[in-house]
1. Any idea which residue in region 1-23 is modelled with the highest pLDDT, counting only those that are within 19 Å of Glu73 (Cβ to Cβ) and open to solvent by less than 40 Å² (accessible area, probe 1.4 Å)?
2. Can you pull out the residues in region 38-62 that are open to solvent by 70 Å² or more (accessible area, probe 1.4 Å) and either among the basic types (Lys, Arg) or farther than 25 Å from Leu27 by Cα (or both)?
3. Starting from region 27-42, keep only residues that are under 18 Å from Thr2 (Cα atoms), then list their pairs with residues that are in a loop (DSSP other than H, G, I, E, B) and of a type in the set (A, V, I, L, M) whose Cβ atoms are within a distance under 7 Å, requiring at least 6 positions of separation or different chains.
4. Which condition number does Arg65 fail, the rest of (1) surrounded by 10 or more Cβ atoms within 10 Å (Cβ to Cβ); (2) outside any strand (DSSP E or B) being met?
5. Identify all residues within region 75-105 that are over 14 Å from Leu51 (Cβ atoms) and either in contact with a helix residue (DSSP H, G or I) (Cβ under 7 Å, 6 or more places away or on another chain) or aromatic (Phe, Trp, Tyr) (or both); write none if there are none.
Amino acid sequence: MTAFQTSGIPSGIDTLEELVLWGQLALYELNKGVTYKESQGSPVDSGLAPLIDFSIINTADNTQRAICRTSVELNAAWTSDGTQPLWNFAEAMSNAVLPNTYKAA
C-alpha cells in the first residue's frame, strides 16, 4: 500500500471533496497505465480496465468536473466480517511511495 502520514496531507485541504480529489490524483500519479482483468472480454474487447482513470470534462452547464474511476481490490473477508468499515478491507494497488508533490510542505 502507499503509506502516508495524515500530517502529510497539504494544510489547504479542509473539505472531504478536496481530500478525495487529492487522494485520487495521488493514486493516479502512482498507478496510471496499470490495468486489470475486469471481465472475460470478447474478440473485440480484451476485458482489461484501468486500475484508476482520471479526466477533466466540460459539462453541459458550462462547468468543469474531475472524473475519477478507481478500482480497489477488497480482501475476501469483507463479506463475512461486518464489524469493520469497508475501507479496512482495501488491498494494496502498489507499494509505490507517495511523491513529494503530494505532501505538505
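1. Residue satisfying both the conditions and the ranking: Gly23.
2. Gln40, Pro43, Val44, Asp45, Ala60, Asp61, Asn62
3. If the second residue must be in a loop (DSSP other than H, G, I, E, B) and of a type in the set (A, V, I, L, M), the pairs left are Leu27/Met93; Leu30/Ala96; Asn31/Leu51; Asn31/Met93; Val34/Leu51; Thr35/Leu51.
4. So the condition that Arg65 fails would be (2).
5. Asn75, Ala77, Trp78, Leu86, Trp87, Phe89, Leu98, Pro99, Tyr102, Lys103, Ala104
The values are calculated or read from the model by the stated rules, or taken from the named source; none is laboratory data. Computed from a prediction, not measured in an experiment: that's the story for all the values here. We place every Cβ from the backbone using ideal geometry, glycine too, and count neighbours over all the protein chains shown. Surface areas here come from the heavy atoms of the whole protein model, side chains and all, with no ligands, DNA or RNA. Shrake-Rupley method; radii C 1.70, N 1.55, O 1.52, S 1.80 Å.
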